[in-house]
């Protein structure tokens with residue numbers, strides 16, 4: 001798709017913005033891979049918001065090739081209130097991100113829209129052509145089997161860090177991001193809750209594993225040769241030690257500790 005009519009309307013040290021009036025499209029691209037301070041980042045987003053309010057395009061494309069700024073939940077909530085809500089009220093129909101080299105920075109963007117309530121529903125792509133096709137031509141990427149991928153070990157860096165390459169169809173970008181998000185979430189949960197989990201006695205772990213796999217109290221008592229009263233006491237202790245308040249908490253422990 002050609003963007004010959006895209007005109008630069010803003011260019012700073014950090015951000016470049018082009019406007020294609022014919023396509024009713026804004027294109028933003030970060031000018032370097034420097035991690036921005038909160039003040040720098042928010043200043044650029046406010047410029048974007050003001051220009052959007054002036055030109056009112058239907059489509060917004062963020063090219064994240066050099067985006068490295070790690071955004072906190074507080075940053076995302078600020079963006080939601082100060083930018084997303086305003087853009088939606090001024091005619092935004094579709095928003096897309098083309099992911100960059102710093103996958104962790106992009107993961108934080110993906111994670112917010114995946115897990116929080118946002119007024120917009122952006123899509124994530126590996127290339128600009130796919131993103132523009134979805135936004136302007138309503139082309140949906142053909143999703144291939146997300147399990148069809150290759151992981152290659154590329155050796156160690158001079159700093160002693162291992163390098164891996166994952167190869168999969170470009171149409172699977174969002175599925176891959178979702179998988180990475182799940183892995184990172186489980187890893188974070190694991191680190192934050194390991195001490196709690198390993199404070200359980202062996203019997204409490206047995207009860208918890210069975211309960212987490214939807215085995216009822218009566219069946220647990222039969223399998224472990226315990227009275228139902230004893231099983232209920234163990235389960236009460238487990239909930240207290242792990243601060244379990246919902247089925248979601250149980251699922252998090254089950255996934256993180258492979259129960």
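The Cα center of the range 115-139 and the Cα center of the range 199-243 differ in position by 45 Å. Relative to the longest principal axis of the Cα atoms of the chain, the long axis of helix 128-137 makes an angle of roughly 80 degrees. Per residue, the average separation of C-alpha pairs within less than 8 Å and at least 6 apart gives the range 44-96 a relative contact order of 66 percent.
Mean separation of Cα pairs under 8 Å and 6 or more residues apart, divided by the residue count, gives the chain a relative contact order of 12 percent.
Each peptide among 95-108, 40-53 gets the average number of other Cβ atoms lying within 10 Å of its residues, and from highest to lowest they stand as 95-108, 40-53. Per-peptide packing, taken as the mean over residues of other Cβ atoms within 10 Å, places 125-136, 66-77 in the sequence 125-136, 66-77 from highest down. The GNM of the chain, with springs linking C-alpha atoms under 10 angstrom apart, assigns the highest mean-square fluctuation among 234, 90, 55 to 234. Indicate the gyration tensor shape class of the range 1-154 (rounded, prolate or oblate), computed on the Cα atoms with a ≥ b ≥ c the square roots of the eigenvalues: a/c under 1.5 is rounded; otherwise a/b larger than b/c is prolate and the rest oblate. It is rounded, given that a/c, with a ≥ b ≥ c, falls under 1.5.
Mean-square fluctuations from a GNM of the chain, with a 10 angstrom spring cutoff on Cα atoms, peak among 152, 58, 240 at 152. Angle between the Cα long axis of helix 38-55 and the longest principal axis of the chain, 0 to 90 degrees, nearest 10? That helix lies at roughly 50 degrees to the long axis. Both radii come from the Cα set of the chain: Rg as radius of gyration, Rh as Kirkwood radius; their ratio Rg/Rh reads 1.09. The angle separating the long axis of helix 228-242 from the principal Cα axis of greatest extent in the chain is about 40 degrees.
Read-outs throughout are calculated quantities, based only on the coordinates presented, and are distinct from any laboratory measurement. In this text the structure is predicted, and so the values were computed from the model without any measurement. Note: ideal-geometry Cβ built from the backbone for every residue, glycine included; neighbour counts use all protein chains shown.
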